[in-house]
Amino acid sequence: MGYLKGFTISGKQFFQKTVTTQYPEDKRPKPERFHGRHVLNRYEDGMEKCIGCELCAGACPARCIYVRGADNPPDAPVSPGERYGFVYEINFLRCIHCDLCVEACPTEAITESKLFEFSFTNRQDAIYTKAELVVDDDGNPKHLPWEDWHEGDDENTSGWVRATAPSGVAAAEGRPLWSGELGHGVRPAQLGQSDPLAADVPADFDISIREVKDAEMRGAGVARGRSVRVDEGTDAPGDGGR
Ligand code: SF4
Ligand code: SF4
């Protein structure tokens, strides 16, 4: 009679709600901070954010980023400032999607989409170049023919929510620390570490990390474009660290 008991269990399951999904046709929403395929962002005016500083390549533990900077042509600059990323390559056979490159980037040029459904048939194709990484004119990642983009995969890709209190400064806690960008990039900060209401910042509230540094970080100021410590008891930025 044991087999009847087994059939009963199977029969009950038959009428239960299905928990499997028909992947890849049906995809479950990915977590907001999912680490997927990278993008190289641009400013609202179309200028590239990458300045070719190579900090991302230096921070990458898998040694999968190759960057070469070049001087901006004065008559047709690619990025604001002196230099831009002339060559930018990521080898996705090596990348472990740790996002240390994103953390290291001073201009929020490199961030990640939520796309992980892409594959290659040879090693060369696994190396994404600038032509594939730089976002389109509308600020969205390029949808390449060998990638399987679904709704939501390209949301919130062009900005990066940094730690709620960069450098441990309480004034920055609970603030959305990224710059508004082409179509994306403005969303509430994550829940603060001590204030349970810190996440209730309106979605259209935007403050750049530069603003926070200039005006809100207690004990810090900016002199000649650099962050410096402010000496106790004075309003003028000190020389700290330079
Ligand atoms: S996510 Fe990590 S492994 Fe991938 S390129 Fe960035 S630093 Fe390197
Ligand atoms: S992506 Fe960022 S860290 Fe990497 S070279 Fe460009 S500006 Fe520098």
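Gap in Å between the Cα centre of region 11-44 and the Cα centre of region 82-96?
After rounding, the separation between the Cα centres reads 27 Å.
What does the charge count near residue 147 come to, summing +1 for each Lys or Arg and -1 for each Asp or Glu among other residues with Cβ under 10 Å from its Cβ? Show your work: numbers first, answer last.
Details: positive: 37, 142; negative: 117, 132, 148, 153.
Once positives and negatives cancel, what remains is -2.
Amide H of residue 134 versus every other amide H placed in the peptide plane: which residues, excluding those fewer than 5 positions away on the same chain, fall under 5 Å?
40
Give me 45, 148 ranked fewest to most by other Cβ atoms within 10 Å of their Cβ, as a rough exposure proxy.
Working: 45 7, 148 13.
Ordered by Cβ neighbours within 10 Å, fewest first: 45, 148.
Which order results if 25, 103, 132 are arranged by neighbouring Cβ count within 10 Å, fewest first?
25, 103, 132
Identify, among 96, 80, 107, the residue whose Cα sits farthest towards the positive end of the charge dipole of region 38-133, taking +1 on the Cβ of Lys and Arg and -1 on the Cβ of Asp and Glu, with the dipole about the Cα centre.
Going by the charge dipole, the pick is 96.
Let me know the charge dipole size of region 38-133 about its Cα centre in debye, to the nearest 20, where only the beta-carbon of Lys, Arg (+1) and Asp, Glu (-1) is charged.
Working: 9 positive and 15 negative charges, 76 e Å.
Using only the charged Cβ atoms, the result is roughly 360 debye.
Taking the Cβ of residue 48 as the centre, find all other residues whose Cβ is under 9 Å away and add up their charges (Lys, Arg: +1; Asp, Glu: -1).
With Lys, Arg at +1 and Asp, Glu at -1, the net is +3.
Report, in listed order, any pair from 30/130; 27/49; 27/130; 30/142 with a Cα-Cα distance greater than 22 Å. Walk me through the numbers before you get to the answer.
Numbers: 30/130 26 Å; 27/49 31 Å; 27/130 28 Å; 30/142 19 Å.
From 30/130; 27/49; 27/130; 30/142, over 22 Å: 30/130; 27/49; 27/130.
A short reminder: the numbers here are calculations on the coordinates, not readings from a lab. Note that this is a predicted model, so its numbers are computed, not measured. No Cβ is skipped: glycine too gets one built from the backbone with ideal geometry, and neighbour counts run over all protein chains shown.
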